[in-house]
Structures are given as structure tokens and as C-alpha cells.
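Enquirer: Let me give you the structure first, and then I'll get to my questions.
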Amino acid sequence: MAYRSFSLIPAFSNHLLSDRFNQIDNLFSRLTGESPVADTPAYNLLQKGELHELTVSVPCYAQDELDVSVLNNQLTVRGKPNVEKTDEVEEKEGIKWLHQGIRKSEFSLSFTLEHRVVIQQANLANGLLKLHFTYDIPEQEKPQKIAIGVQNESVRVLEHNAA
């Protein structure tokens, strides 16, 4: 299971480096039996004013194949394809795969949330799962502006006589 905290650091964009990373990741996953980190879906995190949005790429997944849950400040997004249903449809319609580059495999993505994060809604459209959430800060924990007052003392004017 891949645990991630929300991060603003971008992923590797150099294809040569990321290809090498994927090869090393696959090698270690074969040795350890863990699923490769590269098999977890890509995601974006952005802020729109007070609203935050987590977008997870889940191509070909139906709504009933995805599970989004929060337990003990741990947000988990799971994908479990319905293999039996897919096999039945393919057999019934006479579908034979010649190449399948878009893999639809089981995955689990987890994020540690602060206790102030509240998930508002989740939507699935065009292969993207979008979770909208807010970061609620109680009024007593927000910074407060303290006005600075001036104390009025009796003002004495001294006169100077030049003699």
C-alpha cells in the first residue's frame, strides 16, 4: 500500500530518468513481492480559493470499482476491477485483445490528512476521480489582528522666553 502525504513537489518529468526509475522499481518489486510504486495512479492536487481538489487518474474504472474512505485521518482511494464482469462481456461480444497497454489492475492510494480536512464530495468523469475538500481552521486558531492604541497623556506645552 502506498502512503503519501499531500505534496507540492512535482514528479520526475525527465523520461530517461523516470524510465530508469520504473525499471529499478519493477526489479525491487519482484524481489520483495510488493507491488511497484509506479503502478499507483497519477494524481494532481490543487487549491481554488478555499476549496482544494485531489484528482486521481483512473481510466476505465466504473463507479462500483472504486472505493473512497477516510478512517483515522487516513484518506484511502482503492480500485478493484470487476474481472468476472469484464470477462463475461468480452466472451459474449467475441472480444480478443491483441494488445492491452492500459492496464486495469487493483490499486490502493493513501494520504494522511490533518484533522481539519473535510471531504465535501467525490465525482467520477472521463477517467478522473475528483475529490473536493476544505481545510477548516476554527476562528480561535486563525491569526488575529491586534489594534495598537495610543494612550492620551495630558500634553504640556513648555514656552521658552528668550531674554
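The values are calculated or read from the model by the stated rules, or taken from the named source; none is laboratory data. From a predicted model like this one, the values you see are computed outputs, not experimental measurements. Glycine gets a Cβ as well: all are built from the backbone with ideal geometry, and neighbour counts include every protein chain shown. These area figures cover heavy atoms from the full protein model, side chains too; ligands, DNA and RNA do not enter into them. Shrake-Rupley method; radii C 1.70, N 1.55, O 1.52, S 1.80 Å.
Enquirer: Could you tell me the accessible area of ASP67 in Å² (1.4 Å probe, neighbours in place), rounded to the nearest ten?
Expert: 70 Å²
Enquirer: Here is a further query. Points 7 angstrom from Cα along the Cβ direction at THR134 and VAL83: gap in nanometres?
Expert: 4.3 nm
Enquirer: Sticking with this structure for a sec: Once phi is turned into θ = phi - 60°, what whole-Hz ³J(HN,Hα) does the Karplus curve with 6.51, -1.76 and 1.60 give for every residue of the range 40-45, x standing for Gly and Pro?
Expert: 6, x, 6, 8, 10, 10
Enquirer: Once you have the Cα-Cα distance between THR76 and LEU45, take 0.36 nm times their residue separation minus that, and quote the gain in nm to one decimal.
Expert: Stretched out fully, the THR76 to LEU45 stretch lengthens by 9.7 nm.
Enquirer: Roughly how many nanometres apart are two label points built 7 Å out from the Cα toward the Cβ at GLU91 and THR112?
Expert: Here the modelled spin labels are 4.6 nm apart.
Enquirer: What is the gain in length, in nm to one decimal, between LEU98 and THR55 on full extension, counting 0.36 nm per residue of separation less the C-alpha to C-alpha distance?
Expert: Gain in length upon complete extension: 12.4 nm.
Enquirer: Using 0.36 nm per residue, how much length does the chain from ASP64 to GLU141 gain when fully extended, once their Cα-Cα distance is taken away?
Expert: Gain in length upon complete extension: 23.8 nm.
Enquirer: Could you sort 95-104, 120-129 so that the peptide with the highest average Cβ count within 10 Å comes first and the rest follow in order?
Expert: For the peptides 95-104, 120-129, the packing ranking is 120-129, 95-104.
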